[in-house]
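Engineer: Just passing along the structure, written as structure tokens.
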Amino acid sequence: MKSVFSGAVIIGMLNTMMGLATPFLYAALGETIAQTSGVVNLGVDGIMLLSAFAAFYAALTTGSLWLGLLAGALVGLVMGLLMSLVSVTLKAEQGVSGIGLYMFGLGMSSLLFKILVGTVKTVVGFPPVPIPLLADIPFIGPILFRNSLPVYGAFLLVPVVWWMLEKTTLGLKIKSVGQNPAAADSVGINVDRIRYLSVCLGAALAGIAGASLSISLLNLFQDNLTAGQGFIAVALVYFGAWSPVGVLGGALLFSVVNSFQLWVQVLGVKIPSSVAVMLPYILTIAALTVTVNRMRQPAALNKPFERGES
Amino acid sequence: MPPPRAARVAAVDWSRVALNVALPVVGVVFALLLGAVMLVILKANPLAAYAALVNGAVGTRFGITQTLVKATPLLLVGLGICIAFRANVINIGGEGQIIAGALMATWFPLFFHAWPGWLLIPATMIVGFLAGGFWGFIPGILKARLNVNEILSTIMLNAIALQFMNLLLQGPLMDPAGVAARTFLAQSAQLPHQVWLPRLVPRTLLHAGAIVAVLLAVVVYVFLWRTTIGYDIRAVGLNPDAARYSGINVPTFQALSLTLAGGFAGLAGVVEVIGVQHRLLEGLTSGYGFTGIVAALLGSLHPIGLIPASVLFGGLLVGADTMQRAVQVPSSLVDAILGLVVLFVSGSALWSRRWASRRRATEQTGQEEVA
């Protein structure tokens, strides 16, 4: 076990953690916005899958990673519109419609992949961009400042989402429709419009999360590429108690366990791989169990709003 | 004074039944049409694809039996989903619970291989039910005691069960014959013959588990609508606050319904092992845990409505494989269609609710006029 804790390995492990945390951050921060407005979007994993394929396919055919990222975000946006239509306008049970969205994304991404690509292909993903001077700081530099642009973007998104939710009028409106839609409605806020906006914004971020998997982290697409990461991202929102900083903490904790698991296997420590793969899921359940800060839960979470009801 | 029993039994609201049948059927047709549009865009022939699908599902005697073979686990999983959804808990853990039941249905007959079939088969079913029930009890008790969201915990438990099965198939449960032949296939040894469920039609895979599933559908119907516990479960789902005021322990009944849901999914795992495969192998769940949810929703969360819904989706799954072989349209098309069906059915609940409340309103005014 000595080799596992050498300096170079720890730096590598923490740098891997940054990359692994990236899709979780995009998806979970997006879900934070949606849930703050009162809508649980359980279809994040399906959005990530379809967007991951769209980004991969766009990058493969056009050679442009930025077009890939855009394609991922746009597909996410369209999926968000679909989710809003069913959950906000038609007031469906959100848990069920989210599962429908997941199954659609899972099946559709696999269908498109098999028809349009067929075999395993790879793309050259976003390269690491060392930040001058900062990248040369011992220990911290190689961990924090030698990453690809999508990774930097994910971490910068934490203060941005915090600022949007806490310091802007839009953020106030999103919170008000999540806490008390009837009151928000009575002061002239269009509840449905704010919820559409929040869900679509969150879904576009989930789309970027999927793109970051297929063209930045893994650089390929295959069936069920996410392996449930979208669901873990939803769990992180509960774990982070609907706060961007809490979500960041959860994403880092989760990714460090995952990164440790990967490095332990690479270094050939004798743990059955299935036990190692199981660890993050057990951690998620444990995390959900100890999350006690439910006071922050948006009061109207998971409740469709109908004018004149209650 | 409550109305006499005969009056209550006779009071089937046929127009409501018609609506419950019509909406899902429209949903399936709508989803198939959207699927056809997708195929046209992808330059595949939707008519040829759907013809192959229908032909695969019901075109041959073997196809029909295969449809029923696939409908069996869907019906069993769906029965559990009915119970859970009726109590307003969402069980996404079918996959993990199927695995729990299948693991038990493999280990138990291998260990008690000397038992006669008449004892071993029911015993295996019971322990498989209990294993699945245990895997449903975990999220149930976590929800009841610690308010852990059951959707998330059941999804995590799916992943844990899958890895646990892989671990056992790589180790203690691996077929000794495979180890001896150095093939190391990730599958268990074949189960003793006396635990194999009898085949209903010779030279097909249709097994007695299908009959068990239909009988259990009737049992679940009686349980939900003719027993006190069933009444309490439905009361919890219809209006948790009212149930709480009337003295029902809401968390306990939600935990109970998740446990029962797990048990039925576990039983689905049992019949797959002792009815179809006769051993445990990777990919055994085939997504039944998710498709069972779709079937339950399409059957309006009613055990009897679930029977035709399961056959429909069993047929879709069988037909999807035929379609993939015959016209090279990937079977994942059906997964996408299933997702659309769920979106449509959950989205149409609003209309059915509004329709019901309008009807209640007119009925009340009608009664006032009579009075």
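Engineer: Calculate the tail of P(r) for the range B:85-234: the fraction of all Cα-Cα distances greater than 25 Å, expressed in %.
Structural biologist: Summing the P(r) tail past 25 Å for the range B:85-234 gives 43 percent.
Engineer: Now for a separate question. How are the C-alpha pair distances of the range A:71-200 spread across 10 Å bins, as whole percents from the shortest bin up?
Structural biologist: 10, 24, 28, 22, 14, 2
Engineer: Let me ask you something else. Sorted by mean Cβ packing within 10 Å, highest first, what order do the peptides B:235-244, B:289-298 take?
Structural biologist: In descending order of packing, they fall as B:289-298, B:235-244.
Engineer: Let me ask something else. Using modelled backbone amide H atoms (1.01 Å from N, in-plane), which distant-in-sequence or interchain residues come within less than 5 Å of B:His207's amide H?
Structural biologist: The answer is B:Leu200.
Engineer: Next question, about the same structure. Could you please state, rounded to a whole Å, how far the C-alpha centre of the range B:69-130 is from the C-alpha centre of the range B:134-175?
Structural biologist: What the calculation gives is 14 Å, centre to centre.
Engineer: Could you run the Karplus curve 6.51 cos²θ - 1.76 cosθ + 1.60 with θ = phi - 60° over the range B:55-60 and give me ³J(HN,Hα) per residue in whole Hz, x for Gly and Pro?
Structural biologist: Per residue, the Karplus-derived 3J(HN,Hα) values read 4, x, 7, 10, x, 10 Hz.
Engineer: Rg/Rh for the protein assembly as shown: what does it come to with C-alpha atoms and Rh from Kirkwood?
Structural biologist: 0.97
Engineer: What is the Cα coordinate range of the range A:125-180 on the first, second and third principal axes, sorted by size from largest, in whole angstrom?
Structural biologist: 49, 25, 14
Engineer: Separate question: Taking θ as phi - 60°, what are the ³J(HN,Hα) couplings along the range B:136-142 by the Karplus curve (6.51, -1.76, 1.60), each to the nearest whole Hz, with x for Gly and Pro?
Structural biologist: The phi angles translate into x, 5, 4, x, x, 6, 5 Hz.
Engineer: If you don't mind, there's one more thing I want to ask. Return the inverse of the average 1/r over all pairs of distinct C-alpha atoms in the range B:225-358, which is the Kirkwood hydrodynamic radius, in Å to one decimal.
Structural biologist: The answer is 17.5 Å.
Engineer: Distance between Cα centroids, the range A:158-216 to the range B:287-328: provide it in whole Å.
Structural biologist: Answer, in whole Å: 36.
Engineer: Stokes-Einstein at 10 °C, 1.306 mPa s, Kirkwood radius from Cα pairs: D for chain B in µm² s⁻¹?
Structural biologist: In µm²/s, the coefficient is 73.
Engineer: Right, next: In whole angstrom, and with the biggest value first, how far do the Cα coordinates of the range A:72-146 range along each principal axis?
Structural biologist: If we take the Cα atoms of the range A:72-146, the spans are 54, 34, 18 Å.
Engineer: Still on this model: For the residues A:Ile285, B:Ile229, what sequence is obtained by ranking on other C-beta atoms within 10 Å, fewest first?
Structural biologist: By the 10 Å Cβ count, ascending: B:Ile229, A:Ile285.
Engineer: OK, next. Quantify how much of the Cα-Cα distance distribution of the range B:164-243 extends past 19 Å, in percent.
Structural biologist: So the portion of pairs separated by more than 19 Å is 66 percent.
Engineer: A follow-up question, please. Send over the per residue convex hull volume for the range A:8-99, Cα only, as a whole number of Å³.
Structural biologist: 112
Engineer: Determine how many Å³ per residue the convex hull of the Cα atoms of the range A:153-217 encloses.
Structural biologist: So the per-residue hull volume is 75 Å³.
Engineer: Amide H of A:Val129 versus every other amide H placed in the peptide plane: which residues, excluding those fewer than 5 positions away on the same chain, fall under 5 Å?
Structural biologist: It is A:Asn147, A:Ser148, A:Leu149, by chain and number.
Engineer: A further question follows. Please express the Cα-Cα pair-distance distribution P(r) of the range B:182-303 as a list of whole percents, one per 5 Å bin, running from 0 to the bin with the greatest distance.
Structural biologist: 2, 9, 14, 18, 17, 13, 10, 8, 5, 3, 1, 0, 0
Engineer: Enumerate by residue number the chymotrypsin sites (Phe, Trp or Tyr not before Pro) in the range B:111-167 meeting two conditions: DSSP loop (anything except H, G, I, E, B), and at most 16 other Cβ atoms within 10 Å of the site's Cβ.
Structural biologist: B:Phe112
Engineer: While we're here: Amide H to amide H under 5 Å from B:Gln187: which residues, 5+ apart in sequence or cross-chain, H placed 1.01 Å off N in plane?
Structural biologist: B:Asp175
Engineer: Let me know the volume per residue of the alpha-carbon convex hull for the range A:173-310, in Å³.
Structural biologist: Expressed per residue, the convex hull around the Cα atoms of the range A:173-310 is 139 Å³.
Engineer: If we restrict to alpha carbons, what Rg and Dmax does the range B:29-152 come to, in Å?
Structural biologist: Rg then Dmax for the range B:29-152, in Å: 20.1, 58.
Engineer: Let me ask another. Can you tell me which aspartates and glutamates have their Cα less than 16 Å from the Cα of B:Lys70? Leave out same-chain residues fewer than eight positions away.
Structural biologist: B:Glu95, B:Glu272, B:Asp321, B:Asp335
Engineer: Can I ask one more? Rounded to the nearest 500, what is chain A's calculated 222 nm mean residue ellipticity when only DSSP H runs of at least 4 contribute -39500 (n - 2.57) each, over all residues?
Structural biologist: -22000 deg cm²/dmol
Engineer: Run down the lysines and flag those whose C-alpha is under 30 Å from the C-alpha of A:Lys175, throwing out any fewer than 8 positions away in its chain.
Structural biologist: Hits, sequence-local ones excluded: A:Lys91, A:Lys167, A:Lys303, B:Lys143.
Engineer: Separate question: How are the Cα pair distances of the range B:286-363 distributed, in percent, across 10 Å bins from 0?
Structural biologist: 17, 40, 26, 12, 4, 1
Engineer: If you don't mind, there's one more thing I want to ask. Quick one: compute the contact order of chain A, relative version, from alpha carbon pairs under 8 angstrom and 6+ residues apart, as a percent.
Structural biologist: Once normalised by length, the contact order is 37 percent.
Engineer: Okay, next question. Remind me, relative contact order of the range A:52-113 in percent, using alpha carbon pairs under 8 angstrom and six or more residues apart?
Structural biologist: Relative contact order for the range A:52-113 comes out at 24 percent.
Engineer: So, one more: Which order do B:Lys143, A:Lys121, A:Lys167, B:Lys43 fall in if you start with the one that has the fewest other Cβ atoms within 10 Å?
Structural biologist: B:Lys43, A:Lys167, A:Lys121, B:Lys143
Engineer: In deg cm²/dmol, rounded to 500, what helix-only [θ] at 222 nm does chain B give when every DSSP H run of at least 4 residues adds -39500 (n - 2.57) and the total is split over its residues?
Structural biologist: Taking each H run of at least 4 residues, the total per residue is -25500 deg cm²/dmol.
Engineer: What ranking of B:Tyr245, B:Tyr231, B:Tyr50 emerges when the number of other C-beta atoms within 10 Å of each C-beta is taken as an exposure proxy, fewest first?
Structural biologist: Result, fewest neighbours first: B:Tyr245, B:Tyr231, B:Tyr50.
Engineer: Let me check I've understood the local charge: for A:Leu197, count other residues with C-beta under 14 angstrom from its C-beta, Lys and Arg +1, Asp and Glu -1. What total comes out?
Structural biologist: With Lys, Arg at +1 and Asp, Glu at -1, the net is +3.
Engineer: Give me Rg/Rg_expected for chain A, where Rg uses Cα atoms only and Rg_expected = 2.2 N^0.38 Å with N residues.
Structural biologist: 1.01
Engineer: When you take every Cα atom in the range B:92-159, what is the radius of gyration, and what is Dmax, the widest Cα pair distance, in Å?
Structural biologist: Calculated on Cα positions, Rg and Dmax stand at 14.2, 45 Å.
Laboratory data are not the source of any read-out in this text; all were calculated from the coordinates shown. This structure is a prediction, so every number in the text was calculated from the model and none was measured. Positions of Cβ are generated from backbone atoms using ideal geometry, with glycine treated the same way; all protein chains shown enter the neighbour counts.
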